[in-house]
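Beneath this line is the structure, given in structure tokens, with notes to follow.
Bear in mind these aren't lab numbers, they're just calculated from the coordinates by the rules spelled out. Quick caveat: nothing in here was measured; it's all calculated off a predicted structure. Neighbour counts run over all protein chains shown; Cβ positions are idealised from the backbone, glycine included.
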Amino acid sequence: MPDIVSLQDAKKYFPVQKGFVERLLAKQVQFVRAVDEVSFQIKRGEVFGLVGESGSGKTTTGFVILGLFRPDSGSVVFDGVDMTKITDEEFRLMRRRMQMIFQDPSSALHPRMKIGQNVMEPLRIHGIGNSDERRGKAMEMLERVGLSPAETFFDRYPHELSGGQKQRVVIARALILRPELIVADEPVAMVDVSVRVQILDLMIKLKREFDLTYVFITHDLSAASYVCDRIAVMYLGRVLELGPTDELFDNPQHPYTRALLAAVPVPDPVGKREKVLPKGEIPSPINPPSGCRFNPRCLYAVRNCSEEEPKLEQVSPGHYVACPILPFRAS
Amino acid sequence: MREGNLSILDVQSLFVEYPTERGAVSAVNDVSLKLREGETIGLVGESGCGKSTLGVSLLRNLPPPGKIVSGRIVYEDIDITAASETDLQKIRGREISIVFQDPSATLNPLMRVRDHFIEFFNQHEPTLSRGDVVSKSKDLLVQLGIPPERFDDYPHQLSGGMKQRVCIGLAIALNPRILIADEPTTALDVLVEAQILQLLRKLKDELNLTMMLITHNMGVVAETADRIAIMYAGKVVEVGDTVSIFQKPLHPYAEALLQSVPNPKKRDQAVKSIPGSPPDLAQPPSGCLYHPRCPYAFDKCRTQHPPLISLDNERKVACYLRGE
């Protein structure tokens, strides 16, 4: 399968707003290094997971993929086109081919627009069809996301729907332009537990029906293990490990990945025991630690770890790790 | 002490309502539950099932306009639902304490960590000298894994996990016997969540606490609770010890809930979603509140409320499939 998205050394820094006095004193501008030289390829038709804690840069990476943030350096190639080198008009046409699903359906939907209007809005913005055609398309899409019969939902307002139903509307709106790529940012984090798997199953079904590629951004490793084909583990703006889901879960190599997997609460009370966890919390991305960004918390760090920043290296087919020690490499 | 059968808190057919424009909503609907001394009981359910309302009711800290309509909450011969404010003040913090989901909303953003402790001790232990308060608070911080130099920080200078540690410190400062932890890790990242759960388990042992852990996360209860009470739409539908509930859930909702959680350690295990969504409590369905989503529902379920019945092995379940 050809790549649909390719990131090469993509970098996105945000300047830190300074106070008046600091500006007078002309202190050096500091940057949040949200995405720092990230490279990966997403294959057409796969579910690619971006996993990490808050502050790891996973959402910013999603925005960079969609072209909503232009990277400061590096390239973002979508279907052979370098998104950093196109005009606004070309970009607008490109936008139809990629859409986003947000975390909180209540704030993603316009509260004063009816469900039907919300779903038709992208068609209106892109000037597709007349009002009858748009209505027909929206009706069809509501049925496809399981809001059936569509007529009973079309003229209702978002507040009349449950959280799960609202997220279905958000998905319908994302699909109405028939995109090729969907970036889903924590799509089930705000949905009731009993409804989460419903939404994930729906997303998997729609992926097949519409030939979609997903970028699935989440902090929830259980959800990631359920839907993703490949997963990239991010920490402080860097990808520390990348590989097929099964390989990553069965044979994690980076100490951070192992810590994350150990920390996931497992719904199985038999054989529970205390976990060995890294100390402290994810530091500020303004002044990330030198060398490997995880080294101050790593239980296996050696002196060299704070000096040289490790690059991703292939340890088995398709499995990349940025750790020179590889304490868990099966020998 | 998980064998201890001595009940320390006894909730008896509690009803809690929130009046709304569309009529009263029964957030807690005829709940009876005993907390045993020294145990961790997990109160599990999805948003809107009444688990948090039940939690704050135990301290009679309901946000208005919520009110306890009937029932009793008995702690040491005191009925909390009928106690005077003075009596309640002696219970809150000193006997029963609570930790909430969002530490940023619990801490006062304009007060330093130290001021939170000083205010807390002034309120509850006015005879303590300021020096004692400071040294006691610092000891607490160390016990909670917070470096003492963070004592003069404002909440915004602390990370989420650190803030939650401060909240836990305030909750255990007076050595309460019962700690209610209402989704204490939901706002936190997975590694920090694991750290805080570890801390809670450690404190529970060190301080001999009885803990009520309110959560929607089946993984968190599996790792922390001795017993589980599962709530749905304001009612407790199943109670039992954690291992037996996970091995053989009896209520169809408990069964469905357990099957709906992907287990990253057992990825080949089938995951099934629950059809439909939780009911609108302003217009609850007739009969068993779960019947519209239940694959086993029969006629009786649509017209009558199944009572919570006791089975052997200290299991309780509210389902006509299991008796009556």
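Considering the options A:L68, A:Q41, A:I86, tell which one lies farthest towards the positive end of the dipole of region A:26-177, charges being +1 on Lys and Arg and -1 on Asp and Glu at the Cβ, about the Cα centre.
A:L68
At 222 nm, what helix-only mean residue ellipticity would the protein assembly as shown give, in deg cm²/dmol to the nearest 500, using -39500 (n - 2.57) for each DSSP H run of four or more?
Numbers: 23 runs with 209 residues, N = 655.
That comes out to -9000 deg cm²/dmol.
Expressed in nm to one decimal, what extension gain is obtained for the pair A:D155 and A:E313 from 0.36 nm per residue of sequence separation less their Cα-Cα distance? Don't jump to the answer; show the numbers that get you there.
Details: separation 158, 0.36 × 158 = 56.88 nm, distance 5.33 nm.
The span from A:D155 to A:E313 would gain 51.5 nm if fully extended.
Mind listing the long-range amide H neighbours of B:V99? Cut-off is under 5 Å, sequence gap 5 or more, other chains count too, H placed in the peptide plane at 1.01 Å from N.
Under 5 Å from the amide H of B:V99 lie the amide H atoms of B:I180, B:A181, B:D182, each far enough along the sequence or on another chain.
What whole number of Å gives the distance from the Cα centroid of region B:293-324 to the Cα centroid of region B:76-125?
A separation of 38 Å, based on Cα centres.
Looking at region B:24-107, which GluC sites (Glu not before Pro) are in a loop (DSSP not H, G, I, E or B) and have at most 14 other Cβ atoms within 10 Å? Could you put the intermediate results ahead of the total?
Numbers: sites: B:E37, B:E39, B:E46, B:E76, B:E85, B:E95; in loops: B:E37, B:E39, B:E46, B:E76, B:E95.
The qualifying sites are B:E76.
Mind listing the phi-derived Karplus ³J(HN,Hα) values for region B:278-287, rounded to whole Hz, using 6.51, -1.76 and 1.60 with θ = phi - 60°, and x for any glycine or proline?
For region B:278-287, the Karplus curve yields x, x, 6, 6, 6, 10, x, x, 6, x Hz.
Using the beta-carbon distance between B:S84 and B:Q283 and R0 = 25 Å, what value does 1/(1 + (r/R0)^6) give for FRET efficiency, to the nearest 0.05?
On the way: r = 37 Å, r/R0 = 1.47.
FRET efficiency, B:S84 to B:Q283: 0.10.
Near the amide H of B:S47, under 5 Å away, which other amide H atoms are found, from residues 5 or more places off or on another chain, if H is placed in the peptide plane?
Result for B:S47 returns A:V193.
Quick one: of A:K58/A:K205; B:K163/B:K204; A:K166/B:K163, which pairs are farther than 22 Å apart, Cα to Cα?
Listed pairs above 22 Å: A:K58/A:K205; A:K166/B:K163.
At a Förster radius of 22 Å, what calculated FRET efficiency corresponds to the Cβ-Cβ distance of B:E21 and B:V69, to the nearest 0.05?
On the way: r = 18 Å, r/R0 = 0.83.
So the FRET efficiency works out to roughly 0.75.
Suppose every Lys and Arg Cβ carries +1 and every Asp and Glu Cβ carries -1, with no other charges. What dipole size does region B:35-190 come out with about its Cα centre, to the nearest 20 debye? List each step's numbers first, then the result.
Working: 17 positive and 21 negative charges, 24 e Å.
In debye, rounded to 20, region B:35-190 gives about 120.
Given C-alpha coordinates of chain B, what is the ratio Rg to Rh with the Kirkwood estimate of Rh? Don't jump to the answer; show the numbers that get you there.
Values: Rg = 20.4 Å, Rh = 20.8 Å.
Answer for chain B: 0.98.
For the pair A:H110 and B:D205, what calculated FRET efficiency results from E = 1/(1 + (r/R0)^6), where r is the Cβ-Cβ distance and R0 = 45 Å, to the nearest 0.05?
On the way: r = 51 Å, r/R0 = 1.13.
For B:D205 and A:H110, the calculated efficiency is 0.30.
Given charges of +1 on the Cβ of Lys and Arg and -1 on the Cβ of Asp and Glu, with all other atoms neutral, how large is the dipole of the protein assembly as shown about its Cα centre, in debye to the nearest 20? Intermediate results must be reported in sequence, preceding the final value.
Details: 79 positive and 82 negative charges, 120 e Å.
I would put it at about 580 debye.
Looking at the protein assembly as shown, what % of its DSSP beta bridges pair antiparallel, to the nearest 5?
Working: 57 of 94 bridges.
DSSP beta bridges in the protein assembly as shown are roughly 60 percent antiparallel.
Looking at region B:93-236, send over the antiparallel percent of its DSSP beta bridges, to the nearest 5.
Numbers: 2 of 11 bridges.
Here the share of antiparallel DSSP bridges comes out near 20 percent.
Mean separation of Cα pairs under 8 Å and 6+ residues apart, divided by the residue count of region B:1-144: what relative contact order is that in percent?
Working: 163 pairs, mean separation 29.8, N = 144.
Here the relative contact order equals 21 percent.
Across peptide B:181-191, what mean number of C-beta atoms from other chains lies inside 10 Å of a residue's C-beta? Walk me through the numbers before you get to the answer.
Details: counts 0, 0, 0, 0, 1, 0, 1, 4, 10, 14, 15.
Per-residue shielding by partner chains comes out at 4.
Residues of region B:68-89 with amide nitrogen under 18 Å from the 7 Å Cα-to-Cβ point of B:K136?
B:89
Would you kindly state how much longer the chain becomes between A:S284 and A:D9 on full extension, computed as 0.36 nm times their sequence separation minus their alpha carbon distance, in nm to one decimal?
Numbers: separation 275, 0.36 × 275 = 99.00 nm, distance 2.11 nm.
Here the answer is 96.9 nm.
Quick one: what are the phi-derived ³J(HN,Hα) couplings along region A:235-245, Karplus 6.51/-1.76/1.60 with θ = phi - 60°, whole Hz, x for glycine and proline?
8, 6, x, 10, 8, 9, 7, 8, x, x, 3
Suppose we take every Cα in chain A and form the convex hull; what volume per residue is that in Å³? List each step's numbers first, then the result.
Numbers: hull volume 57.6 nm³, N = 331.
Here the figure is 174 Å³ per residue.
Rounded, prolate or oblate for the protein assembly as shown? Axes are the square roots of the Cα gyration tensor eigenvalues, ordered a ≥ b ≥ c, and the cut-off for rounded is a/c under 1.5. Please list the in-between numbers first.
Details: a/c = 1.70, a/b = 1.21, b/c = 1.41.
Here the protein assembly as shown falls in the oblate category.
If you plug each phi of region A:26-36 into the Karplus form 6.51 cos²θ - 1.76 cosθ + 1.60 with θ = phi - 60°, what whole-Hz ³J(HN,Hα) values come out, in order, with x for Gly and Pro?
Whole-Hz 3J(HN,Hα) from phi for region A:26-36: 6, 5, 5, 5, 9, 10, 8, 8, 5, 10, 10.
Once amide H atoms are placed 1.01 Å from N in the peptide plane, what residues at a sequence separation of 5 or more from A:I101, or on another chain, have their amide H within under 5 Å of its amide H?
A:V183, A:A184, A:D185
Report the Cα centroid-to-centroid distance between region A:8-84 and region B:8-42 in angstrom, as an integer.
Centre-to-centre distance over Cα atoms comes out at 47 Å.
Show me the helices of chain A, taken as full DSSP H stretches, that run 15 Å or more along their long axis by Cα and average -1.0 or above in Kyte-Doolittle hydropathy.
Details: long enough: A:115-125 (16 Å, 0.17); A:131-144 (20 Å, -1.66); A:163-175 (18 Å, -0.03); A:193-210 (26 Å, 0.53).
The answer, listed by residue number, is A:115-125, A:163-175, A:193-210.
At A:N130 and B:N108, where each label point lies 7 Å from the Cα along Cα→Cβ, what is the point-to-point distance in nanometres?
6.6
Rounded to two decimals, what ratio of Rg to Rh does region A:125-258 give with C-alpha atoms and a Kirkwood Rh?
Values: Rg = 17.3 Å, Rh = 16.6 Å.
Reported Rg/Rh, Kirkwood definition of Rh: 1.04.
What full-extension length gain, to one decimal in nm, is calculated for A:K205 and A:N304 as 0.36 nm per residue of separation minus the Cα-Cα distance?
On the way: separation 99, 0.36 × 99 = 35.64 nm, distance 4.70 nm.
Result for the pair: 30.9 nm of gain on full extension.
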